[in-house]
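To start, the structure itself, in structure tokens.
Derivation of every value follows stated rules applied to the coordinates shown; laboratory data play no part. Since this is a predicted model, take the numbers as computed values, not measurements. Note that each Cβ is placed from the backbone with ideal geometry, even for glycine, and that neighbours are counted across all protein chains shown.
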Amino acid sequence: MLYHLLYPLHTAFSAFNVFRYITFRTIYASLTALLICWLLGPWTIRKLAERQIGQYVRTDGPPAHQTKTGTPTMGGLLILFATVTATLLWANLTNPFVWIVLLVMISYGAIGFIDDYLMQVKKESRGLPGRIKILIQVAVGLLVAGLLYARADFDTHVTIPFFKQVVPDLGWTYILFATTVIVGTSNAVNLTDGLDGLAIGPVTVAAATFVILSYVAGHVKIAQYLQIQYMAGSGELAVFCGALFGAGMGFLWYNSYPAQIFMGDVGSLPLGGALGTVAVITRHEILLVLVGGIFVVEALSVIFQVSFFKVTNGRRIFKMAPIHHHFELKGWPEPKVIVRFWIIAIILGLMAVSTLKLR
Ligand code: 57M
């Protein structure tokens, strides 16, 4: 909004020319979202506690988690509010990609809200049936992928990091591929959110990485120089990713160990969905596997654990899946698991950016 209100004034006040720059608006979107989360955090925690929206902790998890019972949850509402507000304030609202990623964030947030509300407020332990959740996520994913596929400038070739020459053309099957990326990332972040700050830390690192990846994908000269796919207009997603980065840092202020608030499905589902959507629009779908490597490993640990359990009639690969519980049960203190996962997330983010040159 500020872009539309203030940039036109640059003819009278040259200082307002700064609003045309994506870099400037990304920084201030980030600071705005951070400030919103930081200032509204205590109020949010108080309101959730007053409404007894406290986490029910399953008894079959690590024993140490029982002390977390009652921690205010659904803090994802604050993350969504901060991210959406900062994006609406600082992004160019004539850019369709901004609205597409906000559509995914709000719709996946609604799915998570209903799930959390049924579980934490109505005390219906099952929440929203898993197949209903997945069905709606897939429907939104197909809509978004279809909208992108229908664009005249959309190219269904998929670039693979490190292998510039290998660029398969998926044709119409790109719609299924993109939907899988969006839904898969959403659920992988959801699985990861099982320790204080364990999900929001890597989400924040991924958001910062996609500030860079969005900017270069939307800059025709840089994209040509780096020999990556150019997606006109995708650079504006750097503003959204900046807002996501700021909101993530602001939420982490309260979600860090020992957590004063959990994000709930209303946070984890939209955060992953948004990252998947940004990766699809900026054409870094495969690179997302590296950027979001923590989420990939967490999801794979569950897949391998459940498959091995079924094939061997009850044996396990890990002490408990997702893998963060395995390290907990090995005796690693919770903060140590969390910070080590953050360190790995930062290394993966740096490696992902380096692939732009190593192609
Ligand atoms: C999402 N939710 C946390 C919190 C957060 C198929 C199976 C792998 C599914 C998986 C599952 O239920 N996943 C649901 C993970 C939960 O966190 C809430 O959920 C929101 C995210 N969606 O925002 O509201 C618990 O995580 C802890 N937590 C923190 N700090 C945080 O900042 O400590 C969360 C955020 C919270 C709190 O204790 O209650 C969760 O873990 O459920 N199931 C599991 O992950 C279970 N694993 C399991 O059953 N493994 C089996 C098989 C199925 C693979 C095995 O290894 O044999 C574990 N989780 C629980 N109990 N709750 C272990 C058992």
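For the stretch 86-196, which semi-axes, largest first and in whole Å, follow from the square roots of 5 times the eigenvalues of its Cα gyration tensor? Intermediate values should be presented prior to the final figure.
Values: eigenvalues 179, 67, 40 Å².
Semi-axes from the Cα gyration tensor: 30, 18, 14 Å.
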**Asked** Given a Förster radius of 22 Å and the C-beta distance between VAL138 and ILE344 as r, what FRET efficiency does 1/(1 + (r/R0)^6) yield to the nearest 0.05?
**Response** 0.15
**Asked** What dipole magnitude, in Debye to the nearest 20, does the chain give about its Cα centre under +1 on Lys/Arg Cβ and -1 on Asp/Glu Cβ?
**Response** 440
**Request:** Return the tail of the calculated pair distribution for the stretch 95-155, meaning the percent of Cα-Cα pairs more than 17 Å apart.
**Result:** 48
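For ASP153 and LEU103, what does the FRET efficiency come to when R0 = 22 Å and r is the distance between their Cβ atoms, rounded to the nearest 0.05?
Working: r = 20 Å, r/R0 = 0.89.
Efficiency at R0 = 22 Å is approximately 0.65.
Would you mind getting the Kirkwood hydrodynamic radius of the stretch 176-232 from its Cα pairs, rounded to one decimal in Å?
Details: mean 1/r = 0.0759 Å⁻¹.
Hydrodynamic radius (Kirkwood, Cα pairs) of the stretch 176-232 is 13.2 Å.
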**Prompt:** What is the log10 of I(q)/I(0) for the stretch 6-92, computed with the Debye formula using one identical point scatterer on each Cα and no solvent, at q = 0.11, 0.14, 0.22 Å⁻¹?
**Reply:** -0.49, -0.65, -1.00
**Item:** Cβ-based charge dipole, the stretch 193-330, positive-most Cα from LEU300, GLY197, THR282
**Value:** LEU300
**Item:** Gain in span if fully extended, GLN52 to ALA232, counting 0.36 nm per residue against the direct Cα distance
**Value:** 60.1 nm
**Item:** Extension gain (nm, one decimal) between LEU329 and HIS4, 0.36 nm per residue minus Cα-Cα
**Value:** 111.7 nm
**Request:** Go through the stretch 128-196 and name the chymotrypsin sites (Phe, Trp or Tyr not before Pro) that are in a DSSP coil and have 16 or fewer other Cβ atoms within 10 Å of their Cβ.
**Result:** PHE154, PHE162
**Request:** From the P(r) of the stretch 138-272, can you give the percent of Cα pairs sitting at distances over 20 Å?
**Result:** 55
**Asked** Using a basic spin-label model with each label point 7 Å from the Cα along Cα→Cβ, how many nm lie between PHE16 and PHE309?
**Response** 6.0
**Asked** Taking only the alpha-carbon atoms of the stretch 21-61, what semi-axes of the equivalent ellipsoid follow from 5 times the gyration tensor eigenvalues under a square root, in whole Å, largest first?
**Response** 34, 15, 5
**Prompt:** Taking the convex hull of the alpha carbon atoms in the chain, what volume per residue do you get, in Å³?
**Reply:** 142
**Asked** Taking all pairs of different Cα atoms in the stretch 1-152, averaging 1/r and flipping that mean, what Kirkwood radius in angstroms comes out?
**Response** 18.4
**Item:** Size of the stretch 236-359 as Cα extents on the principal axes (Å, biggest first)
**Value:** 50, 39, 26
**Request:** Kindly write out, for the stretch 243-260 in residue order, the coupling ³J(HN,Hα) from the Karplus curve 6.51 cos²θ - 1.76 cosθ + 1.60 (θ = phi - 60°), rounded to whole Hz, with x marking Gly and Pro.
**Result:** 5, 5, 4, x, 4, x, 5, x, 5, 4, 4, 9, 8, 5, 5, x, 4, 8
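Which value, in debye to the nearest 20, describes the size of the charge dipole of the stretch 148-287 about its Cα centre when Lys and Arg Cβ atoms bear +1, Asp and Glu Cβ atoms bear -1, and nothing else is charged?
300
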**Fill in**
The summed charge of the PRO72 Cβ neighbourhood (under 14 Å; Lys/Arg +1, Asp/Glu -1) stands at +1
**Asked** With the contact rule set at Cα under 8 Å and sequence spacing of 6 or more, what percent relative contact order holds for the stretch 43-115?
**Response** 25
**Selected from ALA243, ALA86, ALA64 as most flexible by GNM, with the chain as the system and alpha-carbon contacts under 10 Å** = ALA64
**Prompt:** Just how far, in whole angstrom, is the stretch 218-264 from the stretch 11-41 if you go by their alpha carbon centroids?
**Reply:** 14
**Prompt:** When all C-alpha to C-alpha distances in the stretch 249-314 are sorted into bins of 10 Å, what percent of pairs does each bin hold, rounded to whole numbers?
**Reply:** 18, 32, 34, 15, 1
